Amino acid sequence: MATIEKIADDIKASKQPITLIYAFNSTGKTKLSVAYKNITKKEDGKHSGVYYNAYSEDLFRWDNDEENENENMRLEIVKSSLNPYFSSIIENPDLFNEKLALYLPKYTFEFDKNKDPEIGIDGIRFSTNAEKNIKISRGEERIFIWCFFLALFDADAWTGEQDSHFFIDDPVSSLDDHNVFLTADSIIRIIDDKIKPNTEKKIIITTHHIGLFSILADRLRNSTHQNNTKRSILSIHNEELTLRNYDKDVFLYHLYLLQVLEECISKKEILAYHFILLRQLLEIISSFLGTGGIKKALEEIGYKDDLEMVSNQVNALSHKDARPQAVDLKPNDEVLLESIFEKIQIKYKFITHYNGK
């Protein structure tokens, strides 16, 4: 059974400097970034690379200044090993501004600079033309923090100390299509700038966003980085982790979902989260049919009189715990998933390439 540590070690040992990994949520992407950080630490315990992940966002927290009716509300930066490197942003503000400008922010911002160079920046205040010291939305906040790290990457703030690798974990979540393309462009620019011939530097990107994975995989496959890139799928089943290599295959999300579902049915190991994947598959089919719901897809594959009941059951089961584990499934639930999968295959005859192993 592969462990997160074993997978991290395999990535470290890879001769390909670029690793692109797709994984469903709750599979262990952030744990993988932590495991990689731990096995690549220097002898003195210091980091040898730079990380953007869920913990990076935790370095930014709101001080709502409730006592003064939000008058001095700001986004504070928790003191960490990153602080000394903020000078690269202070000394070259355009470096950060050009990253953020691409996302068309509806606010202006101001850094609270600390006199102590070991702290650099300790907070950010946001305003609009109509109001000062506002609180931006969660989505805007995540984009701001992403751009903050992009500026640090671009400035090579860690040159000579933490420059062996960049690990970027899930840079997008619920962004719209335009922002996904912008984020992909930003990552490609980092790769173009940092990955040179005979380089020992590594860049690892993990994402649950199939759009981002597909865009990056396609652009890297059709670039000078083609032979420098390892494309993989991280999956977990019965607590067993697998990192599958997709370097030689075209990755199509609906076929991957079909393969996962066919495998769980074949092995009689249907879990609650497989209904989430089934719903995603039905949504892809309904989108292809030009509708916005799964009912049309269910109707197309043969459900008529019981359409409402089956649709409600799929909706209910697909909103259970998203983690890849068994959650109070009943035998009839498993039969339903098998039946829907069979009807999909009878109707559309998808080829999954599942080898039955």
task = Count the DSSP beta bridges whose two residues both fall in the chain, then state the antiparallel fraction as a percent rounded to the nearest 5.
result = 50
Most mobile listed residue (LYS296, LYS202, LYS304) in the chain, GNM with C-alpha springs under 10 Å = LYS304
message = Give the lysines reachable from LYS230 as a straight Cα distance under 17 Å; neighbours fewer than 8 places away on the same chain don't count.
response = LYS6, LYS12, LYS15, LYS29, LYS194, LYS196, LYS201, LYS202, LYS248
request  = In Å³ and rounded to a whole number, note down the convex hull volume per residue for the Cα atoms of segment 253-348.
outcome  = 92
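Between GLU71 and ASN222, what FRET efficiency comes out of the Förster formula 1/(1 + (r/R0)^6) with R0 = 51 Å and r the beta carbon distance, rounded to 0.05?
On the way: r = 52 Å, r/R0 = 1.03.
That pair, ASN222 with GLU71, gives E of 0.45.
Could you order peptides 216-228, 25-37, 76-88 by the average number of other Cβ atoms within 10 Å of their residues, highest first? Can you show the working numbers first?
Numbers: 216-228: 14.8, 25-37: 19.5, 76-88: 16.6.
For the peptides 216-228, 25-37, 76-88, the packing ranking is 25-37, 76-88, 216-228.
Translational diffusion coefficient, Stokes-Einstein: compute it for the chain using the Kirkwood radius over C-alpha pairs as Rh, at 25 °C and 0.890 mPa s, and state it as an integer in µm² s⁻¹. Present the calculation step by step, with values, prior to reporting the outcome.
Working: Rh = 22.7 Å.
This corresponds to a translational diffusion coefficient of 108 µm²/s.
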Label-point gap, in nm, between ASP10 and ASP44 - each point 7 angstrom along Cα→Cβ = 3.4
ask   = Along the charge dipole of segment 54-160, Cβ charges K/R +1 and D/E -1, which of ILE143, ASN133, PHE86 sits furthest on the positive end?
value = ILE143
query = What nm distance separates the two modelled labels at LYS343 and LYS135, each placed 7 Å from Cα along Cα→Cβ?
reply = 4.6
query = Excluding ASP112 itself, what net charge comes from residues whose Cβ is under 10 Å from its Cβ, given Lys and Arg +1 and Asp and Glu -1?
reply = 0
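Since every read-out is calculated from the coordinates, none of them should be taken as a lab result. From a predicted model like this one, the values you see are computed outputs, not experimental measurements. Positions of Cβ are backbone-derived with ideal geometry, glycine not excepted, and every protein chain shown enters the neighbour counts.
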